[in-house]
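Accompanying notes for the structure given below.
The values are calculated or read from the model by the stated rules, or taken from the named source; none is laboratory data. All figures in this text were calculated on a predicted structure; none of them were measured in a lab. For neighbour counting, all protein chains shown are included, and Cβ atoms are generated from backbone atoms with ideal geometry for every residue, glycine included. Heavy atoms of the whole protein, side chains included, go into the accessibility calculation; ligands, DNA and RNA do not. Shrake-Rupley method; radii C 1.70, N 1.55, O 1.52, S 1.80 Å.
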Amino acid sequence: MRTICFYFQVHQPFRLKPYRFFDIGEDHHYWDDFSNKSIIRKVAHKCYLPMNALLLELIHKYNGAFKVSFSMSGVFLDQMQAYAPDVLESFQKLVATGHVELLDETYGHSLVSLKSKEAFKATVSRHTKKIQELFNGYTPKVFRNTELIYSDEIGAVIAEMGYEATLTEGAKHILGWKSPNYMYTNSIDPNLKVLLKNFQLSDDIAFRFGNKTWADYPLTTDKFVNWISAVPKEEEVINLFMDYETFGEHQWAETGIFDFMRHLPEAVLSQTNFRFSTPSEVVANAKAVGKIHVPIPISWADEERDLTAWLGNDLQDEAFDKLYALESLVKNCDDPDVKRDWIYLQTSDHFYYMCTKFFSDGDIHSYFSPYDSPYDAFINYMNVLSDFKLRLKDMATSKKTV
């Protein structure tokens, strides 16, 4: 059976407030509460609420023949509880249909899989518990690492945690002559299935949909279905992975993105031999064609599909190393506020804002950053980290005194 697998990443970081050098040791609240609340409410109005309503409508209209999957970061789940309970309720209604799959990931949408196996497992466990708490005991079977970051070794750890599959990018430099439209296995532990994003078709929706200079603009459902139909018949699964904010936020409603999605299921179901599946259903019904070898970590970011969006310059590397140098101190601390700040400070967005790339990738980084420059992002983050370190050392000293 040929199938289409829709997966959406849902994430919003806790953004830092402007934090000066003179605040170090004086102010332990790092988060821009007003900005975080206003942004999630804005995106809720433009994306989450209308798109969730549309998906619910489509699931009911096609009696479950239309299916999607989500991974929602723990920091996003926290913000829904704090600022957008109506959004949380709309996601709960989707999951209750039985035709929406939830995936596990790191709680803080962090890069911890690149640094600490123990901390990686701990933050994933925390995320699992949060999903179970908010979605009536739901326990994910499939894993999606932050920004689709994956390597053979990371996959082996994911397999150790008991997941049946993981998602990652169908990067050209990894695939070579192979197609992303098959299911593969981890090269170390073949029990872990690997689903690869078809970046061409995914990015046609996520990045090019509203671009009037694109040669294939406008993208209609008929045109997209024709492209799908042209995929060689032996290729079983087309994985369409993208940010959920594609709908209404990155691609505004005026581009026609909602109408495109409204009509896509009918076009696929009536004009092709494709059906829709969740990742778990792909794993259950498709046959793995072989191992995929990924010796160096890949991601779905930028042209390189590597880690340079977050760890590509000296600023990012220094901030990353200084952050995880605090891991042992955090481990010995039982203060809930410190534990929370530790998770939020690991969020990959903080390092993304420090990226110094130019040209088209640089434009994308600038679009998402609340800072005037990568250097401002670095200074602000390091000021916060300095205060966080002082807090940890003070607590460690108090503990010894007691």
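Structure notes:
- Put simply, of ALA319, ALA309, ALA301 the only residue that is assigned to a helix (DSSP H, G or I), touching a residue at least 40 places away in the same chain (Cβ under 8 Å) and over 22 Å from LYS141 (Cα atoms) is ALA319.
- Scanning region 148-182 for residues that are hydrophobic (A, V, I, L, M, F, W, C) and in a helix (DSSP H, G or I) yields a count of 8.
- Sole exception among (1) open to solvent by 20 Å² or more (accessible area, probe 1.4 Å); (2) in contact with a His (Cβ under 9 Å, 6 or more places away or on another chain) for ASP341, by number: (1)
To keep it simple, each residue is scored yes or no on (1) free of Cβ contacts under 8 Å to residues at least 40 places away in the same chain; (2) open to solvent by less than 10 Å² (accessible area, probe 1.4 Å).
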{"site": "GLY98", "(1), (2)": "yes, no"}
{"site": "HIS109", "(1), (2)": "no, yes"}
{"site": "ALA122", "(1), (2)": "yes, no"}
{"site": "LEU134", "(1), (2)": "no, no"}
{"site": "VAL142", "(1), (2)": "no, yes"}
{"site": "ALA165", "(1), (2)": "no, yes"}
{"site": "TRP177", "(1), (2)": "yes, no"}
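- LEU94 in a helix (DSSP H, G or I) and in contact with a Lys or Arg (Cβ under 8 Å, 6 or more places away or on another chain): no
Okay, residues lined up against (1) in contact with a Leu (Cβ under 6 Å, 6 or more places away or on another chain); (2) under 21 Å from SER69 (Cβ atoms); (3) not hydrophobic (A, V, I, L, M, F, W, C):
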{"position": "ARG144", "(1), (2), (3)": "yes, yes, yes"}
{"position": "GLU160", "(1), (2), (3)": "no, no, yes"}
{"position": "LYS172", "(1), (2), (3)": "no, no, yes"}
{"position": "LEU175", "(1), (2), (3)": "no, no, no"}
{"position": "ASN191", "(1), (2), (3)": "no, yes, yes"}
{"position": "VAL194", "(1), (2), (3)": "no, yes, no"}
{"position": "ASN211", "(1), (2), (3)": "no, no, yes"}
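- Restricting attention to region 288-304 and to residues that are modelled with pLDDT of 95 or more and surrounded by 19 or more Cβ atoms within 10 Å (Cβ to Cβ), the residue that is farthest from GLU234 (Cα to Cα) turns out to be PRO297.
- Residues of region 324-336 that are in contact (Cβ under 8 Å) with a residue 40 or more places away in the chain and open to solvent by 30 Å² or more (accessible area, probe 1.4 Å): GLU327, LEU329, ASN332, ASP335.
- When the residues of region 12-43 are filtered to those that are β-branched (Val, Ile, Thr) and under 26 Å from the mean Cα position of the chain (by Cα), the one that is surrounded by the fewest Cβ atoms within 10 Å (Cβ to Cβ) is ILE39.
- Residue check, ALA53 part of a helix (DSSP H, G or I), farther than 30 Å from ASN383 by Cα, open to solvent by 10 Å² or more (accessible area, probe 1.4 Å) and not β-branched (Val, Ile, Thr): yes
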